[in-house]
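A short worksheet on the structure shown next.
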């Protein structure tokens, strides 16, 4: 009797293991298709060294239509036809048989397919950035030609990154410098998969942003995507850890009051946490591209430090046009690293 129980438990254990062939990725994977970061209701899953994602989002983003019935996946687009089947490693691309390392499978109500195979079958270029756990997919041209897909710029890098390591604030000042000039209108920044581009201020050489939400204790990932001025795409980033949050920073008692009328030169005063570094940017026009404040030629920037009582003052000088407006951004970073940003307009 005892041996039968042991054999039964052993068989049950093997069956349970076989019934769960995939595991969620320990490090979140970012998927960027043609410069846009994808969001999935079912997170990517790894199996046998391959990344699997929900089928519809990837196929449709690459310009293909999908018909799914009884485990059969048929997709057409970009002059190509692809057929896969749940549980089978055999597939066809344009009528030619190909074999997958791992078969498509289901998780709940979602059908997951191997990301690299699908993208390449549709004629797209795929690259993997180990440092940022980012899959970048560019182009989806058919065999008839068209523009060649832009390759990921593997030489592109971020320098002067902060924060790194461990920090003690839920609202860090995030900063990086680009190794080569970028096209600012293509720049996208995400924190833990949440797009914060609307809060970014940037120029061709770097960017700054304070997350508009509190970061929980643990590991956080900054993802940065876009294209360089030379036309090459990039997808990179870095990670840091946040611990117990210190006091949240603030910006108060601003004079002139936001929304008021200012001359070409004026003194801006306010209060923040004592000893904070205060960075101020003023621009006559703001880009509508993703909300970025375009920091470049003609943009006024200055820095000051709050005193022991938190008081700060900065002399602002802008090329004001009567009846126009100026957008002003203030970023205050306390000695603890706690940061806050405020952005508003003045009339001129």
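Every number here is computed from the coordinates shown, using simple stated rules; none is lab data. The model shown is predicted, which means the values in this text are computed figures rather than measured ones. No Cβ is skipped: glycine too gets one built from the backbone with ideal geometry, and neighbour counts run over all protein chains shown.
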### Task
Mind checking the full-extension length gain between residue 69 and residue 110? Use 0.36 nm per residue of separation minus the Cα-Cα distance, one decimal, nm.
13.5 nm
## Note on the structure
Taking a crude spin-label model, label points 7 Å out from Cα along the C-beta direction, the residue 39 to residue 90 distance in nm is 4.1 nm
### Task
Please work out the FRET efficiency for the pair residue 131 and residue 217, using the Cβ-Cβ distance as r and a Förster radius of 22 Å; give the result to the nearest 0.05.
0.40
#### Entry: Euclidean distance between Cα centres, segment 157-184 to segment 298-348, Å
20 Å
### Task
Return the distance in nm (one decimal) between the two label points of a simple spin-label model at residue 205 and residue 313, each offset 7 Å from Cα along Cα→Cβ.
3.0 nm
#### Entry: Largest to smallest principal axis extent of the C-alpha atoms in segment 158-242, angstrom
38, 22, 17
### Query
Over the Cα atoms of segment 23-138, Rg to Rh with Kirkwood Rh, two decimal places?
0.93
### Query
What is the distance in Å between the Cα centres of segment 188-257 and segment 48-65?
28 Å
### Query
Going highest first, how would you order 220-229, 250-259 by mean Cβ packing within 10 Å?
220-229, 250-259
### Task
Using label points projected 7 Å from each Cα along Cα→Cβ, tell me how many nm separate residue 166 and residue 47, to one decimal.
3.8 nm
